[in-house]
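Q: Let me give you the structure first, and then I'll get to my questions.
The values are calculated or read from the model by the stated rules, or taken from the named source; none is laboratory data. Everything quoted here is computed from the prediction, not taken from an experiment. Quick reminder, even Gly has a Cβ in these numbers, built from the backbone with ideal geometry, and neighbours come from all protein chains shown.
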Amino acid sequence: MTQYDADLHGWFGGAGSFGGRFMPEALIAALDELEIAWQKAMVDPAFVQEFEGMLQNYAGVPSMLYEAHRLSDHAGARILLKREDLNHTGAHKIRNVLGQALLTKRMGKTRVIAETGAGQHGVASATAAAYLGLDCTVYMGEVDTERQALNVARMQLLGAEVIPVKSGSRTLKDAINEALRDWVASVDHTAYLFGTAAGPHPFPSLVLSFVRSIGDEARRQCLDLTGRLPDAIAACVGGGSNAIGLFAGFLEDPEVAIYGFEAGGDGVETGRHAATIAAGSVGVLHGARTYVLQDEDGQTVESHSISAGLDYPGVGPQHAALAASGRASYFPVTDAEAMDAMALLARAEGIIPAIESAHAVAGALQIAPERQGQTILINLSGRGDKDMGTALDYFGLGTAGPSPVSEQGEEA
Amino acid sequence: MSTSVSVAFEKARADGRAALVGYLPAGFPTVDGGIAALTAMVEAGCDVIEIGLPYSDPVMDGPTIQAAAQQALDAGVRTTDVLRTVEAVAATGTPTLVMTYWNPIERYGVERFAQALYDAGGAGLITPDLTPDFAPEWIAAADARDLDKVFLVAPSSTDERIALTTAASRGFVYATAVMGVTGARAATSDLAGPLVARTKRAIETTAPGLPVGVGIGVSDGAQAAEVASYADGVIVGSAFVRTLLDHPGDLDAARRALVALTEDLAQGVRS
């Protein structure tokens, strides 16, 4: 346990600071049960071995660390990409769901529920449920089911039931509310596969324990490749599971600068964004004290991002603590900057990133001028297949002929 | 001046009956309409009033209360409107609690809200997503003013947690007697009786005399009578909200329906 881990009550950065467990009493027993089962599992070599075996033989982990030469030339810094986009189901999220689903089986439960924004966590959950023979119900905001119909189809093909959530803003936060409502009524036989390193204790720490291999692998791979640690690491932050997974491997290396890039949407100054740390304030949302987009009365304000996976008005409490302590720095990246980075990476490296991950690429390019000749390691958390509809609209693609994506992307 | 709900529970106990606790969210259908509705419920026989603070992310509420709270928020209801509603209802002399998710209180400032609630004559808070182990600030602010601290117990609560919760509660302890969100239910739960029995056992040592209120989706006098046979208080929320939702735009009809429901329930807790 380090100064960066949560204490026994789930507080990061000191008692009462960030995290904790602000939850209905009806769910406390389930959270306690989960916490005990998880702690026992993590010290049980059989569980750890089975989990690692699944990651290797099923999920395609460890993902490679790729040296992006052409992007490096463009940036003037040595850019390394942690290729989580190559994992089974196309993102880092498979690590988390395989861990939680395996834990579910160990606890003797037969059904899992999950919330999803873009659909990535829903698809990953449906995949893990199919793989391990569990029933699966996914809650998804009605707006998101329309934006991400292909992912709805994928979940259904994998055998999951997708329930469109029609309350509130009909997006990710409401899907979480609805999943919690389901869980209160089904907790005796159902596990909640939480999709990010947020929510009530023990979820932030539990999710971290299943994704921290991203950072552990990247650290080792970077040492093998370059002989030293990176000067800076970067990841996109919505709830923040890919980012905390990467960051965890480097927190105790003070010489490594840590950057999280939040969704700046139309620009923080417009109010239409999801930059929770940069422009939010401390509050309690979905069971944890953290930074929240909220109005004067503490009502949650709707977030906006071109990337459904970052479109969340809260953030994992460990990120809040890392921001408050100064160990990590968080900056917003706008929709336009992220889309430019998506196009740039596609043309420079032949890699189409998820729009979420493109925020990390864009952010890394913004810090590169101050870090000429240094090594910047970026978590490429997911691939862009799911985002082709958005890209098609944004860039005006899809009609045969020369590419309408201008070279501006490379200049940006 | 704030009046603890224990006064109402003691009076009911002296009458040999359970107390009727009625809920509506503030600002529904409007702030003044809500005050009129709550006042009608008081006049027709509610012993204690709970005023909901509408919140954007009400994870413990079912569709009925969610819809009402959303309607209030869409119309622009503010935390200060909730306090105004408390002041108006408490002025009738009926003990008045606020039921609220935690973030709006934290945002307002725990000390500042406690003082404003006290000044408005409010009895205290019911906190559905705040358990005593994560409530040191609220407990301190409430204790400084003798405000009621109504925490919840559930069928899934261990005996240890029930003891912790009853020890920290003042006014009454709220037994959520179904595993699920708020909402009217046709059948009462077989989880309620055992939960109340376990809670009463804990109260004997942790908080002698603390009443137990039961929220279980009661919607008529017969159900109220059944719950009143084992609980000190019968909490009714969704049925009142449903009554108002069923009479949109017709305040007189809504008021008559609310009065009829309250009288039926008040009869139930007395039978």
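Q: Give the number of residues within the range A:184-207 that are at the interface with another protein chain (Cβ under 9 Å from one of its Cβ atoms) and either without any contact (Cβ under 8 Å) to a residue 40 or more places away in the chain or buried (at least 24 other Cβ atoms within 10 Å of the Cβ) (or both).
A: Number satisfying all stated conditions: 2.
Q: To continue, here is another question. Hey, any hits in the range B:237-252 for a residue that's in contact (Cβ under 8 Å) with a residue 24 or more places away in the chain, assigned to a loop (DSSP other than H, G, I, E, B) and of a type in the set (Phe, Trp, Tyr)?
A: no
Q: Which helices (runs of 4 or more DSSP H) sit wholly inside the range B:121-235 and have at least 2 residues that are within 27 Å of A:Gly287 (Cα to Cα) and charged (D, E, K, R)?
A: Here the list reads B:136-143, B:159-168.
Q: Right, next: Just to be sure I understand, how many residues within the range B:136-192 are within 13 Å of chain A (Cβ to nearest Cβ), hydroxyl-bearing (Ser, Thr, Tyr) and more than 17 Å from the chain's Cα centre (by Cα)?
A: 4
Q: Need the failing condition index for A:Ile113 against (1) under 25 Å from A:Ala234 (Cβ atoms); (2) crowded, with 24+ Cβ neighbours inside 10 Å; (3) modelled with pLDDT of 95 or more, just the number.
A: (1)
Q: Same structure again: Looking only at residues that are among the small types (Gly, Ala, Ser) and in contact with a Ser or Thr (Cβ under 6 Å, 6 or more places away or on another chain) in the range A:121-142, which one is surrounded by the most Cβ atoms within 10 Å (Cβ to Cβ)?
A: Going through the qualifying residues, I end up with A:Gly122.
Q: With the condition kept exactly as written, say whether any residue in the range B:189-212 is touching a residue at least 12 places away in the same chain (Cβ under 8 Å), touching a Phe, Trp or Tyr at 6+ places or on another chain (Cβ under 6 Å), on the phi < 0 side of the Ramachandran plot and surrounded by fewer than 18 Cβ atoms within 10 Å (Cβ to Cβ).
A: yes
Q: Checking the structure you have, find out if any residue of the range A:265-288 is out of contact with any helix residue (DSSP H, G or I) (no Cβ under 6 Å at 6 or more places or on another chain), surrounded by 24 or more Cβ atoms within 10 Å (Cβ to Cβ) and charged (D, E, K, R).
A: Within the range A:265-288 (the criterion being out of contact with any helix residue (DSSP H, G or I) (no Cβ under 6 Å at 6 or more places or on another chain), surrounded by 24 or more Cβ atoms within 10 Å (Cβ to Cβ) and charged (D, E, K, R)), the answer is no, since none of the residues qualifies.
Q: Taking B:Thr188, is it of a type in the set (Ser, Thr, Tyr), at pLDDT 95 or above and more than 19 Å from B:Val150 (Cβ to Cβ)?
A: no
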